[in-house]
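The structure appears right after this line, and notes come after that.
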Amino acid sequence: MAHIIVVGNEKGGAGKSTVSMHIATALARMGHKVGALDLDMRQKSFGRYTQNRQQFAQKSGIDLPSAQYIELPEVNHETLKEGENPFDQRLTAAIAELDQDCEFILIDCPGSHTRLSQVAHSLADTLVTPLNDSFVDFDLLARVDDSGQKILGPSVYSEMVWNARQLRAQAGLRPIDWVVLRNRVGAQQMVNKEKMGQALDNLAKRIGFRVAPGFSERVIFRELFPRGLTLLDLKDIGVKQLNISNIAARQELRDLMQALNLPKVSAEF
């Protein structure tokens, strides 16, 4: 069976689509067969990203290693049994299609709580949660006191992950490996940055996730989206010498892939 990677965060603007595209492309460039799904039925940022990539590759006549992206298939509501959810059936059918020849299936979830997202989390072998480095985003995981140091209790997203873990345990599946990415971390050592690090480390021990480095805030990510490109594609499009920022960004991606510790994957690219 394919190893399922779910990229989830119920708050928008955390960089889920950028993270999803770079993980999927990194795996494809390592020679793995990767399937991809976008469960945001409204915005479909990840879906558009993959489509931009396909169109740019065809237009430019270059071969870009890519994930196999598919839309969720429609289901005949008349064939559903009593109590069956059509969204569950659409997701199940999509995973079954990709599972035939993919080693990894990457699922990008919407920045809100939906039935599809809830089910996807229960299917995750690896759960990646990008988190902007601020207590506004930290509130998604847990409530803290006014000092930002004492954790008062888990928040709604953490509770959903807990429920997903319970469902997997009941089904006899392996536990979810939950990785929280500190995304868009500022370069300077600020008090808020230090407090965030301490709060995440404390919470990780309490509710069971690993903390990993994400991506710094860089203009290049916004520039790559219209062409569906990633940091790994720059030489393919004629960039002969990377600047310091691009080299640092590639190293961040390499560090991320190493931190995920996916089966049969080395972060050499």
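The values are calculated or read from the model by the stated rules, or taken from the named source; none is laboratory data. Just so you know, these numbers come straight off a predicted model, no measurement behind them. For neighbour counting, all protein chains shown are included, and Cβ atoms are generated from backbone atoms with ideal geometry for every residue, glycine included.
Selection of first residues in the stretch 46-62 that are within 16 Å of Asp108 (Cα to Cα) and of second residues that are aromatic (Phe, Trp, Tyr) and surrounded by 13 or more Cβ atoms within 10 Å (Cβ to Cβ), restricted to Cβ pairs under 8 Å at least 6 apart or on distinct chains, gives the following pairs, ordered by first then second residue: Gly47/Tyr69; Tyr49/Phe225; Thr50/Tyr69; Gln51/Tyr69. Of all residues being modelled with pLDDT under 95 and of a type in the set (A, V, I, L, M) in the stretch 92-118, which is nearest to Gly47 (Cα to Cα)? Just the residue, please. Filtering the stretch 92-118 for residues that are modelled with pLDDT under 95 and of a type in the set (A, V, I, L, M), the one nearest to Gly47 (Cα to Cα) comes out as Leu116. Counting the residues of the stretch 73-90 that are assigned to a helix (DSSP H, G or I), closer than 16 Å to Met41 by Cα and either in contact with a Lys or Arg (Cβ under 9 Å, 6 or more places away or on another chain) or among the β-branched types (Val, Ile, Thr) (or both) gives 2. If you filter the stretch 209-241 down to residues that are without any contact (Cβ under 8 Å) to a residue 40 or more places away in the chain and assigned to a loop (DSSP other than H, G, I, E, B), you find that the one that is surrounded by the most Cβ atoms within 10 Å (Cβ to Cβ) is Leu234. Against the list (1) of a type in the set (S, T, N, Q); (2) at pLDDT below 95; (3) buried (at least 20 other Cβ atoms within 10 Å of the Cβ), the condition Thr79 fails is (3). Evaluating Cys102 against the criteria (1) of a type outside the set (Asp, Glu); (2) over 25 Å from Ser216 (Cβ atoms); (3) touching a helix residue (DSSP H, G or I) at 6+ places or on another chain (Cβ under 9 Å); (4) not in a helix (DSSP H, G or I) leaves one unmet condition, (3). For the stretch 48-72, residues that are small (Gly, Ala, Ser) and part of a helix (DSSP H, G or I) total 2. One residue stands out among those in the stretch 8-57 that are of a type in the set (A, V, I, L, M) and out of contact with any strand residue (DSSP E or B) (no Cβ under 8 Å at 6 or more places or on another chain): the one that is farthest from Leu232 (Cα to Cα), which is Met41.
Selection of the stretch 1-44 for residues being without any contact (Cβ under 8 Å) to a residue 60 or more places away in the chain and either hydroxyl-bearing (Ser, Thr, Tyr) or assigned to a helix (DSSP H, G or I) (or both) yields only Ala28. Here Gln258 meets the list (1) in a helix (DSSP H, G or I); (2) touching a residue at least 12 places away in the same chain (Cβ under 8 Å) almost entirely, failing just condition (2). Selection within the stretch 84-128: residues that are closer than 20 Å to Val265 by Cβ and of a type in the set (D, E, K, R). The member of this set that is surrounded by the most Cβ atoms within 10 Å (Cβ to Cβ) is Asp108. The requirement of being out of contact with any Leu (no Cβ under 6 Å at 6 or more places or on another chain), farther than 16 Å from Cys109 by Cβ, in contact (Cβ under 8 Å) with a residue 40 or more places away in the chain and of a type outside the set (Ser, Thr, Tyr) is not satisfied by Gln89.
In the stretch 124-174, the residue that is farthest from the chain's Cα centre (by Cα) out of those that are farther than 26 Å from Leu256 by Cβ, of a type in the set (S, T, N, Q) and modelled with pLDDT under 90 is Ser147.
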